[in-house]
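Structure first, then comments.
The values are calculated or read from the model by the stated rules, or taken from the named source; none is laboratory data. Everything quoted here is computed from the prediction, not taken from an experiment. Methodologically, a virtual Cβ is constructed for each residue, glycine included, from the backbone with ideal geometry; neighbour enumeration extends over all protein chains shown.
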Amino acid sequence: MTEHAAPHAHVVPLAVYFGVFIALLVFTGATTAIAFVDLGRFNVAVALTIAVVKASLVLLYFMHLRYTSRLTLVFVGIAFFWLGTMIGLTMSDIVSRGWFGA
Amino acid sequence: MSDHVGTLPAATAHQFDDAVQQRDASGLGMWVFLVTEILFFGGLFTIYTVYRSLYPEAFGHASGTLDITLGAVNTAVLIGSSLTMALAVHTAQVSRNRRLVALFLCATIVLGGVFLGIKGVEYAQKFHEHHVPGPSFHYSGADAQHAELFFCLYFLMTGLHALHMVIGVGLLSVLAVMALRGRFGPSYYTPVELTGLYWHFVDIVWIFLFPLLYLVERHS
């Protein structure tokens, strides 16, 4: 078995992995602590913003989306487009109920 | 590929131009599966959004009965398992150190097991408190009916997530054996990379489940 030259995969430096790991832990601590502070309706917004930032870090660095092909990005983009469509159109119904009668 | 039995399946199949295209195609295929997974969990997240918007007080109160410490610790455990998973992929990418790849895969399995163990403790508490939806459901707070709806979603979403973890641990176990047999190295590590994508996806689902289930109206 001869060793082939590695197909030119992007090798993410170890420091990036550990940096992302630390950032994810910090954000987890932050979102837990902020949940106990009364921000009114902004509690949900802050919690979801932190979750989106954490998910983005995992997607970009652990899942290598930052270094992947444009075609893969299109597929991932489509997933979130349909997810947004599903939640957005469903909530447009729920939220607008009763708007006629009032 | 019968002529490659027992060796590294590093050769390029005839339908691909080169190894890079072959690896990219595998990655894209895995992402197509993950797209279906995003929409699969997305249905549950949609149901959650609808009912939380309709019954915010009941959801806030029911969320308060969950153990936030165990939830936060489990989030950290899962993030740790994502790190060890990423390190397993990295090691396979840059070296032929089969023991180190297997070690990182085993660490991921152990952390996944810790997560499932803590989840089991939480489930046992919920059964003990009669917070499991069904005939024995009992809830002392206001609006028990809609609190039961929250617990339905809690068990559906965390249960489906835990099922994905169990499947992931099974995949990682197979990979660990393959790694020890020297199947992976810089020229071929696709199974490790794709299982890594799956494992990180499961981590992302939990990143959203934690605030949505455990952190509702904690300040009141």
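Which condition number does residue A:68 fail, the rest of (1) loosely packed, with under 14 Cβ neighbours inside 10 Å; (2) at pLDDT below 95 being met?
In the conditions (1) loosely packed, with under 14 Cβ neighbours inside 10 Å; (2) at pLDDT below 95, residue A:68 misses (1) alone.
State all residues of region B:112-143 that are free of Cβ contacts under 8 Å to residues at least 40 places away in the same chain, over 30 Å from residue B:82 (Cβ atoms) and out of contact with any Asp or Glu (no Cβ under 6 Å at 6 or more places or on another chain); if no residue qualifies, say none.
If the condition is that a residue be free of Cβ contacts under 8 Å to residues at least 40 places away in the same chain, over 30 Å from residue B:82 (Cβ atoms) and out of contact with any Asp or Glu (no Cβ under 6 Å at 6 or more places or on another chain), then B:128, B:130, B:134, B:135, B:136, B:138, B:140 are the ones that fit.
Checking residue B:41 against (1) more than 10 Å from chain A (Cβ to nearest Cβ); (2) at pLDDT 95 or above: exactly one of these is not met. Which one?
(1)
Does residue B:15 satisfy the criteria of being outside any helix (DSSP H, G or I), surrounded by fewer than 20 Cβ atoms within 10 Å (Cβ to Cβ) and more than 18 Å from the chain's Cα centre (by Cα)?
Taking the combined requirement at face value, the residue satisfies it.
Which fully enclosed helices (runs of 4 or more DSSP H) of region B:43-161 have 2 or more residues being surrounded by 18 or more Cβ atoms within 10 Å (Cβ to Cβ) and aromatic (Phe, Trp, Tyr)?
Where helices (runs of 4 or more DSSP H) fall fully within region B:43-161 and carry at least 2 residues being surrounded by 18 or more Cβ atoms within 10 Å (Cβ to Cβ) and aromatic (Phe, Trp, Tyr), they are B:98-128.
Being under 30 Å from residue A:40 (Cβ atoms), more than 11 Å from chain A (Cβ to nearest Cβ) and basic (Lys, Arg), is that true of even one residue in region B:116-129?
Scanning region B:116-129, I find at least one residue that is under 30 Å from residue A:40 (Cβ atoms), more than 11 Å from chain A (Cβ to nearest Cβ) and basic (Lys, Arg), so the answer is yes.
Can you name the number of the only condition in (1) more than 24 Å from the chain's Cα centre (by Cα); (2) of a type outside the set (A, V, I, L, M, F, W, C); (3) in a loop (DSSP other than H, G, I, E, B) that residue B:21 fails?
For residue B:21, the failing item is (3).
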